[in-house]
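Undergrad: This is the structure I have questions about; it appears just below.
The values are calculated or read from the model by the stated rules, or taken from the named source; none is laboratory data. This one's a predicted model, so the numbers in the text were calculated from it and none came from an experiment. All Cβ positions, even for glycine, are placed from backbone atoms using ideal geometry, and neighbour counts span all protein chains on display. Each accessible area value is taken on the protein alone, full model and side chains, heavy atoms only, with ligands, DNA and RNA left out. Shrake-Rupley method; radii C 1.70, N 1.55, O 1.52, S 1.80 Å.
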Amino acid sequence: MRGRRRIKFANNPAPAEHVEALKEYILGAFNAELDLLVEVGELKETCFNDLCLIYQGINELSRAVFSGGLVGIVKEGHVIPSPQLYTKLFQRFGWRSCVVATDKGVKAFLYGNDLLLESVAEIYPPVDSYVAVLDYYDYNVIGVAVWDEPSKVFKNVFDLGVYLRKLG
């Protein structure tokens, strides 16, 4: 019988430094304010060990995993915009800070792999920080990456395939 592993769970208002990191990213990449997209004062954060979800809280239950729209992810201490937040940004401000992956690139990325430059169909600057990865077929956001200059790839930071790989 396998030993049970404990998961540290916390559910609190989003820390100011995490909200500030999101604000700074959106201002730099989209020249926009986070307040235009979400009620910043209502952002909550649920953490499982060192992985946290920042979301627009609509449920006041203290043990709810999260409710409302996912705004960001805190992974290894880095605050990353969520695919849902990128979708809102694109609807309001157009294509910026994203790359469009070919069919082959989409499949590889959703399996947790990095996005090779030859699997990128289009690039919308700036790409000096996080970028959304879009599916070439329908331009839906499938994850978030960061450009790695030495290896000339977009490193997978978060992708929607994680839900199937980890929870499926």
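Here is a yes/no grid of residues against (1) within 13 Å of LEU22 (Cβ to Cβ); (2) of a type outside the set (Ser, Thr, Tyr):
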position: SER82; (1), (2): yes, no
position: LYS88; (1), (2): yes, yes
position: GLY112; (1), (2): no, yes
position: SER119; (1), (2): no, no
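Undergrad: If you don't mind, another one. Name the single residue, out of those in region 130-154 being within 11 Å of the chain's Cα centre (by Cα) and not hydrophobic (A, V, I, L, M, F, W, C), that is most open to solvent (accessible area, probe 1.4 Å).
TA: Per the stated criteria, the residue is TYR130.
Undergrad: Does ILE80 count as assigned to a strand (DSSP E or B) and either touching a helix residue (DSSP H, G or I) at 6+ places or on another chain (Cβ under 8 Å) or surrounded by fewer than 18 Cβ atoms within 10 Å (Cβ to Cβ) (or both)?
TA: Values: assigned to a strand (DSSP E or B): yes; either touching a helix residue (DSSP H, G or I) at 6+ places or on another chain (Cβ under 8 Å) or surrounded by fewer than 18 Cβ atoms within 10 Å (Cβ to Cβ) (or both): no.
Answer is no for this residue.
Undergrad: Of VAL100, VAL127, VAL157, which residue is open to solvent by 30 Å² or more (accessible area, probe 1.4 Å), outside any helix (DSSP H, G or I) and aliphatic (A, V, I, L, M)? Quick ask: steps written out before the conclusion?
TA: Details: VAL100 fails: open to solvent by 30 Å² or more (accessible area, probe 1.4 Å); VAL157 fails: open to solvent by 30 Å² or more (accessible area, probe 1.4 Å).
Exactly one residue qualifies, and that residue is VAL127.
Undergrad: Does region 103-119 hold any residues that are in a strand (DSSP E or B) and surrounded by 18 or more Cβ atoms within 10 Å (Cβ to Cβ), and which are they? Before you say what the answer is, go through the steps one by one.
TA: Applying the first criterion (in a strand (DSSP E or B)) to region 103-119 yields 115-116.
The answer is LEU115, and nothing else.
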